[in-house]
Amino acid sequence: MVVVNRILITGATGNIGGQILSQLPATGLQVRALVRNPDVAGLPPHVEVLRGDLTLPETLDRCLDGIDTVFLVWVAPAEAVAPALERIAKHARRIVFLSAPLKTAHPLFQQPNPSRTRAELVERLIETSGLQWTFLRPGMFAANALGWWAPQIRAGDVVRWPYLAVPTAPIDVRDVAAVAVRTLCDDAHSGTEYVLTGPQSLSQFEQIATIGSVLGRSLRIEEISPEDWLSELPGFLPSFVAKYLLDAWAAAIGQPAFVTSTVAEFTGLPARTFLEWATNHAAQFRA
Ligand SMILES: NC(=O)c1ccc[n+]([C@@H]2O[C@H](COP(=O)([O-])OP(=O)(O)OC[C@H]3O[C@@H](n4cnc5c(N)ncnc54)[C@H](OP(=O)(O)O)[C@@H]3O)[C@@H](O)[C@H]2O)c1
């Protein structure tokens, strides 16, 4: 095993990057975070924090100076991908990209949408960049429940949601990060891609009911139409994201979720269940 000791984490203030920083060993590695606003980043003290913006290539050289391996989260516009990757390839040797299950033949993952097109572009450019690469392909994050259901659950006992019968295999971001840390620290994963899911296929209804049982509350879970959902959206999702979620759920009706054992193979522990995730985040569902 080759230990990489200079790692740059992007998306460090987000779900996965933040977890990676808290799981990366504090010694034996030089860990740097690229953030847009260091003043509010609130990152652990062993992390060197530098200001950078993936859409502003001139800010990247300083962040990349002396870096071996980059963890890349890309949520910025597609037109900024090529210039950023050019800078990354000039400095780094390896890249681990947080992608999605773009090649998995399950309808939940095969609907066209702008986020998918952008991830395909990032992958294409990485593959021709000369960098050694690893693609991580997690399915739905359990953490989506915080944005999707917590506002309704904090406000009362009724949760209104479309496509309640559709199953997914929600993955705990701690498990995505655990795999990411191993791929960042070990050269053996170059040229490989890993589809990561939670351990169980659970319908959206079952996921909401699990949160209710963790809270000790009996939630009234009501199926609503996609049209009602779109008109009731309290603005927590951009409408194009809502639209592609609806397309993915509609396509996945009647199919069990796609489940892999990759997390357990990497960590030696079973992937965390949605019940564990909900228990860990119960406070965020309480008023
Ligand atoms: N949610 C899911 O179910 C799911 C499933 C599979 C794959 N994914 C993929 O996961 C990725 C999102 O990961 P996440 O949830 O960990 O992220 P996140 O919590 O949405 O946070 C986004 C991160 O990107 C940073 N960022 C945004 N614009 C930037 C820019 N121009 N330059 C530098 N940094 C910038 C943000 O930093 P600031 O603090 O500066 O805003 C933040 O740290 C997406 O690519 C998504 O497609 C998500």
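Could you please let me know if Leu125 is within 20 Å of Phe240 (Cβ to Cβ), aliphatic (A, V, I, L, M) and in the same structural domain as Asp186 (by TED's automatic domain parsing)?
Considered against the rule, which asks whether it is within 20 Å of Phe240 (Cβ to Cβ), aliphatic (A, V, I, L, M) and in the same structural domain as Asp186 (by TED's automatic domain parsing), Leu125 comes out as no.
Taking Asp68 as the residue in question, decide whether it is of a type in the set (Asp, Glu), touching a residue at least 12 places away in the same chain (Cβ under 8 Å) and buried (at least 16 other Cβ atoms within 10 Å of the Cβ).
Details: of a type in the set (Asp, Glu): yes; touching a residue at least 12 places away in the same chain (Cβ under 8 Å): yes; buried (at least 16 other Cβ atoms within 10 Å of the Cβ): yes.
Against the criterion (of a type in the set (Asp, Glu), touching a residue at least 12 places away in the same chain (Cβ under 8 Å) and buried (at least 16 other Cβ atoms within 10 Å of the Cβ)), Asp68 qualifies.
Within the range 260-287, take every residue that is outside any helix (DSSP H, G or I), at pLDDT 95 or above and hydrophobic (A, V, I, L, M, F, W, C) and give me the one that is surrounded by the most Cβ atoms within 10 Å (Cβ to Cβ).
So the residue we want is Ala271.
Output the strands (runs of 3 or more DSSP E) that fall wholly within the range 71-166 and possess 1 or more residues being within 10 Å of the ligand (Cβ to nearest atom), or say none.
94-98, 132-138
With the requirement that a residue be in contact with a Pro (Cβ under 8 Å, 6 or more places away or on another chain) and loosely packed, with under 13 Cβ neighbours inside 10 Å, what does the range 212-227 give you?
Once the filter is applied, which keeps residues that are in contact with a Pro (Cβ under 8 Å, 6 or more places away or on another chain) and loosely packed, with under 13 Cβ neighbours inside 10 Å, the range 212-227 yields only Ser225.
Quick check on the range 40-61. Is at least one of its residues within 26 Å of Pro25 (Cα to Cα), in a helix (DSSP H, G or I) and within 13 Å of the ligand (Cβ to nearest atom)?
yes
Mind telling me which of the residues Thr104, Thr168, Thr192, Thr117 ends up being crowded, with 21+ Cβ neighbours inside 10 Å and not basic (Lys, Arg)?
Going through Thr104, Thr168, Thr192, Thr117 in turn, the sole match is Thr168.
The values are calculated or read from the model by the stated rules, or taken from the named source; none is laboratory data. Because the structure is predicted, anything quoted here is derived from the model rather than measured. Cβ sites come from the backbone with ideal geometry, for glycine too, and all protein chains shown count toward neighbours.
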